[in-house]
Every structure is written in structure tokens, then in C-alpha cells.
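The structure under discussion appears below in the form of C-alpha cells.
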Amino acid sequence: MKHLKFFALCAIAALTSCSGGKKQDIESRVESALSQMSLDEKIAVVHAQSKFSSPGVRRLGIPELWCDDGPHGVRPETMWDAWEAAGQTNDSCTAYPSLTCLAATWDRELAKRYGRSVGEEARYRNKNVLLGPGVNICRTPLCGRNFEYMGEDPYLAGQMAVPYIQGVQSNNVAACVKHYAVNNQEFKRLVIDTHVDDRALYEIYLPAFKAAVLEGGAWSLMSAYNKYEGTFASHNARLLKEILKDEWAWDGAVISDWGAVHDTEEAATGGLDLEFGSYTDGELRTAPAAYDNYYLAQPYKEKILAGELPEEELNDKVRRALRLNFRTLADGNFGSMCSPEHFADSRSIGAQGIVLLKNSGILPLKADVSKVVVLGENAIRPMVVGGSSSSLKTQHETSPLDGIRASFPNAQVVYERAYYSGEPTPGNYNYSLYDLTEERPADKLLSDALAAMEGADYVIFVGGLNKNKYQDCEGRDRRSYELPYGQNELIETLSAARPDMIYVNISGSPVAMPFVDKVGAVVQAWYLGSETGNALADVLTGAVNPSGKLPFTFPVALEDGPIKTERQYPGIQDENGKWHVYYDEGIYVGYRWYDSKEVKPLFPFGYGLSYTTFEYGKPVLSTRRMGKSLTIKVPVTNTGKVAGAEVVQLYISDVEASVDRPVKELKGFDKIYLEPGQTGYVSFTIGRDALSFFDAEKHEWVAEPGTFKALIAASAADIRQEAEFSL
Ligand code: BGC
């Protein structure tokens, strides 16, 4: 007995001594552990033991594996076996800006900083896996989770996801890329069957995932709820085995979305590795033993024992689960939580991601004024809560009102709400910034706002969506492209009195702005996290010169977009009542659509203004005939009076192709900071992949010889320079 104990301790030491270590060490530890595990132990590590954990192998010194949401901060602890918050007082976090805001920075360095910073918080909280980032493409402005994703372009989403993942994982915390795949709407997300052709799948919906797992080296990935071509994404051998594990040769672990598994055999053979969040039936739903009834628990064990499913397949899952576990052992890094540096990261990412959409000259605000009027409910609403699983409990949140107030210490800052959503603060963390109750009817709110505006130097209206149900929220797509709570009419009325009114839009998706010509400025301020008010004030006052650019198109009206039929969105039911959605628009998503139809959007993809101006010089190409690669160098000059940063975009246009191709596609971008009068250079190196389309019949990427154009642009609708080259 004594001996046995001694050997067990040796095994523990061997398995835990070098966390996150070299690939070889990890592989040999995986094999060593696997060879010592019983069938019960193997089964235990491929399914959950609580809402967010799996058990590890205590006997071998392999600790529990803890996951948590993601992606904008570390979610507060939940009950062991229930979604409710555990009510701890030590789990407040730094809330970072939403991922759409991060994408709007177009800044890879900042994405890395974001990942490192949020990863440190996850490490401190002892999480092995942070559930994010989300890289699903914004296919419709109505998708409830657009705010958790990185826009409409696969290249941009991939480029921003990669450093985020590397930053998170530098803490030995795994990123978990979600939701794989074709999960582009929340309506019927648990059951809808997505039909998409292979060209659109490979060109639009998969590249960001591929970049995330291969270039970013993500250690885990979350399979989506929806079906793809008849089979649940979490059971889908085409997505999980054929593409992810075979074509891309990825060695990480696939974790099911919470409750996305429906069948033992399909899940076991379809490529899923770990099952989380399933509900079990009836009586056992809340019993501790319910976890044993998961599809990859007892039912799986029984099928293996009966010889119906091979143990070798289970071994592959166990290897991946163990690899995830060993990669994420703490390794002497204890992380940190709510540090001043983290709040500073949150603030600078927020300020860099804010997009200035219109400015008739009123911005930046001058400090020496006597009266500033702030209007709109979103100026006082907490916004780190809501939206469902990404909802956070933060140590502090600065409201837009407080941020603006702090910027005008010598002015009278007056607040009027102007409208009342009637929505409670979402989430269950008993959290508020201001009293949100309201007794006044709409007409009184309006007249009070108009009265407050008398004599104001500035009027700033902070409105938009608010992460309540149907307002940028998981599980509930938006019901309309219009702003809610009568804001359109309200803004028109208020701006009739003050045509220089500044409209600050809080949202994580595009919204209609029929009032755009009637206001003095429009600022897209996303959900900015803990430092919302400070980041916003930084941009409004010019302390930070805005440099964010849109990661998706804002159409004038929803009808202008590619989705024309119910089968395209929200989907239709077949004769058996099953829901299907058909991506009939194929590859024509976002600017690819607006370009092809020559439809002018309200604000194009890649668009954003600055308080300075930039001039682009002639691009210089390393060669006019591309072999393996080509470098394009572009001089950029800050021609204005203040320092600022510009996001320069490279689109490639295939002049003549044997197949239908988008007018142009984003294949490079760089952000350059310049002092007034300064000239700097951005350079892009592209390979043949930047010229290719996916030939679905041959199942390969094809770059056709011929002429191409390199378009150097300030947005998808603002091409500043072009140069031709051939392949
Ligand atoms: C969401 C995931 C989330 C998980 C755990 C699911 O409902 O779709 O994104 O990570 O819950 O909270």
C-alpha cells in the first residue's frame, strides 16, 4: 500500500511538473497519463461535472479543468449546477470593450494586449479555458450576437482573433474559439439547419476559424448549437473531423456549446471531444448524478463496453482533453485581477475602437464652455451587464454621463433622460449606476429635455441599443433594424432645436439612422466595458484622436442588403416543422454585396473619420509580376493639424476571372500613427492565397493567371490609389 502511494505521488509529480511546456513533454505526459487511466476515468474527462468544469484525474494528479465566459471579461462564478450567480464578492472583473469594438481598432497589437490582459484575469481566477473569441461573420445586422463577434469580413476577423488568442494563451489559459460553424443568427439557434454552399463556407464562414486555430494556435474550439446540412454542428463529422481535424490537422479539443449535444453515437463519432452544459431528463435534471447521464458519460461507456463504439475514438478525445489540461497548468503565473493596468487597457482599446461616423465640425469638444447637456438613457445605463452569457460583473463602470462630466470640471453639465426604455437592467448581479425608474410620460421627458437644452454650448445624445432581449442579446435576434423606444422621432425633434447635436450610438451591430443628415456628429461607441465614459470622453474631447473604422457595413435600410427572402433569414419550416435557413446569397455578404449591386450604404465597411486628414501617395510594388509573393509599399501623410492614426486597407480585385468574384476583397491592413505633416509608410506582403477563390468542385483554392488590381483604400467605398500587377 505504501508503495502504491509512492508511485501515485511520482505520477503526480511527473504529470504536473512542467505545465504549458514543450510540445514533446506534453505529448509524452498525455500518453503516460492515458496509459494509466481506467475506462471510468477516461469517460470522466470528456464531460462536465458542473456547469463550467470537468473533473480531471485526481488519482494521477491531473486537476479539474475550469472554463468560463468570455469573451469581454471573466464571468462571475455561477452555482455548481445552476446558471445563477454564486453571489461571491471576489469575482468582479475588468470589463473590456465588446469584440466588435476590438475589431474596429484594426490594431493587431491592441488585440494582443486585450488577450493578454483578459487572460491574466482568467489566470487569476484559476480558469483553464476562456470561452472566446467569437469569430462568426456578421451576415445580418439583426443577429443578436454581432457584438460578440468581429464583423463581416473573414480576413479582418481572423487577423484580429489571432493576436487575441496568442495574448490569452500567453497566460496558459486556453482561448476557445466559437461558435463553429455557420452560427450567424440567434433565431432558432438551437435547432436551425444551415444550408450554405462550399464556396461560401470556405471563403466567408471558415477562414477566421482556420486562422484562429492554425495561426493563433487556439487550444480549444466550441462547436455551435445549430445544424449544418442536416447534422448538429456538435456532431458534425464534416465540420469537426474532415475539415478541422483532418484538413487543418488541428490537435486541440472541441468543447460543445452548453447543451449542444443530443445523441451519444453521433457526438462520439462526429468529432466532439468534451460535452458541456447538457440537460438531462426529468427527475435527474438537478440531481448531482445528472452529469452521469450526459451523452458522453454513462451512455457512452455502455456503448463502448457493448462493443458498439470503439475505445480508440474515446482515447483520441481523452488525449485532446489531457492536452488542453496540461497546456493550461498555471506554471508559476498567478495572473492578476482588476489592476490599474487592466482598466487602462480597457480604456485605450475602447478609445481606439470608437468610430467617428460624421462630424460637421462640432467635434472635438472645447473645454472652456459653460453648459453641456447630456441626453439619452444610455448615458446612465450600465452596459457591461446584459447580452446573456457575456454579461459581466465589474469592479467599476464609468457611465458616459460621468465620463463627460469629468471632462468639464468648470462647466454646468445637465442630464436629461429624454426617453425611457422601460427595460430593467439585465443580468442578476444586482447592479446599477443610476436609478433607472421613471415616472414621467414620454411627452414630459421630451419637454424636459428641450427645456434643459436652452443655452447649452453642447448637446450630446447617448442612445442606441442596450443588450436587453432583442437589443444585442444572445438567444434573441433584433426584431427591427430601427432604433428602439421611439429614438428616431425623438432625435429628429431634438435636432430640429439643435442641428449641431452629437449623436453617440451605443450598439454592437449596425442600426438605421434616418436622422443622419439632421445631426452635427455621429459617434459609434459600441459597448466599451468598465471605462465606457472615460474612453468616450477621450474621443469627444480630442484627448484621443479617433481612428476606429467599421468592421461591418451600415446599410441605409435592411432591404438594401443581400437577404431578400424568408428562407435566407430568419428561415423557414419544412413539412415536418423543422427549421432551415439558406445562405442563397453565397459569398455576397457585407461589402461584397454592396459593391456588386452598387448600392450605397449609410456607412461603408472600413469607414471612420479622424480629427486630422491623411493623403495616400503612389503605391510601390516589389514586382509587377507576382511569383510567390508581392510587397506593396504606400506612403501616407498626415495633412492635418493634429497627430492621429490611419487604418490603410488593401483590397484585391481580380480583373478577369472564370468565375463570378466580388468586386474586391480585403487582403491586408495596417494602422499607422503620424504627427502633423509627417509621412510614413505602410507595407503589405501578399501571397497567392490573396488572389485565390475556392473552387468547390475541385475542392481547392485557385489563383488564376491574369491581371489583378491592388486597391489602397481608406474604406471599402474610398479607394485612394490603385496599381495593377499580374500573376
Ligand atoms: C453560449 C456560449 C457560452 C456558453 C456558456 C452558451 O449558451 O452560446 O457562447 O460560452 O453558453 O455560458
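The values are calculated or read from the model by the stated rules, or taken from the named source; none is laboratory data. Keep in mind that this is a model prediction, so the values were computed, not measured. Please note: Cβ atoms are built from the backbone with ideal geometry, for glycine as well, and neighbour counts cover all protein chains shown. Just the protein is used for accessible areas: all its heavy atoms, side chains included, with ligands, DNA and RNA removed. Shrake-Rupley method; radii C 1.70, N 1.55, O 1.52, S 1.80 Å.
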query: Could you count how many residues in region 216-234 are outside any loop (DSSP other than H, G, I, E, B) and within 14 Å of the ligand (Cβ to nearest atom)?
result: 7
query: Identify, please: which residue in region 167-203 is open to solvent by 10 Å² or more (accessible area, probe 1.4 Å) and aromatic (Phe, Trp, Tyr) and is, among those, farthest from the ligand (Cβ to nearest atom)?
result: Tyr202
query: So which residues in region 464-509 are open to solvent by less than 10 Å² (accessible area, probe 1.4 Å) and more than 22 Å from the chain's Cα centre (by Cα)?
result: Gln487, Ile491, Leu494, Ser495, Met501, Ile502, Tyr503
- line: When restricted to Leu272, Leu314, Leu329, Leu322, the only residue under 24 Å from the mean Cα position of the chain (by Cα) and open to solvent by less than 40 Å² (accessible area, probe 1.4 Å) is Leu272
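Check region 642-655 and report whether any residue there is open to solvent by 60 Å² or more (accessible area, probe 1.4 Å) and either of a type in the set (Gly, Ala, Ser) or without any contact (Cβ under 8 Å) to a residue 40 or more places away in the chain (or both).
Initially, region 642-655 is screened for residues open to solvent by 60 Å² or more (accessible area, probe 1.4 Å), giving 642, 655.
Now drop any that are not either of a type in the set (Gly, Ala, Ser) or without any contact (Cβ under 8 Å) to a residue 40 or more places away in the chain (or both), which leaves none.
No, region 642-655 has no match at all.
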message: Residue pairs, Cβ under 6 Å, 6 or more apart or interchain, first in region 411-426 and in the same structural domain as Gly475 (by TED's automatic domain parsing) and at negative phi, second assigned to a loop (DSSP other than H, G, I, E, B) and of a type in the set (Gly, Ala, Ser). List them.
response: Ala411/Ser370; Thr425/Ser432; Pro426/Gly386
task: Return the total of residues in region 608-632 being in contact with a strand residue (DSSP E or B) (Cβ under 7 Å, 6 or more places away or on another chain) and either under 10 Å from Ile712 (Cβ atoms) or free of Cβ contacts under 8 Å to residues at least 12 places away in the same chain (or both).
output: 6
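Can you find a residue that is aliphatic (A, V, I, L, M) and farther than 30 Å from Ala643 by Cβ anywhere in region 530-550? Give the derivation first.
The initial filter retains those residues of region 530-550 that are aliphatic (A, V, I, L, M), namely 535-537, 539-540, 543-544, 550.
Pick out the ones that are also farther than 30 Å from Ala643 by Cβ and you get none.
Checking region 530-550: not a single residue is aliphatic (A, V, I, L, M) and farther than 30 Å from Ala643 by Cβ.
Yes/no matrix, rows are residues, columns are (1) in contact (Cβ under 8 Å) with a residue 60 or more places away in the chain; (2) part of a strand (DSSP E or B); (3) open to solvent by less than 10 Å² (accessible area, probe 1.4 Å):
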position: Pro76; (1), (2), (3): yes, no, yes
position: Glu84; (1), (2), (3): yes, yes, no
position: Leu102; (1), (2), (3): yes, no, yes
position: Glu109; (1), (2), (3): no, no, no
position: Lys112; (1), (2), (3): no, no, no
position: Lys127; (1), (2), (3): yes, no, yes
position: Cys143; (1), (2), (3): yes, no, yes
position: Met150; (1), (2), (3): yes, no, yes
position: Ile165; (1), (2), (3): no, no, yes
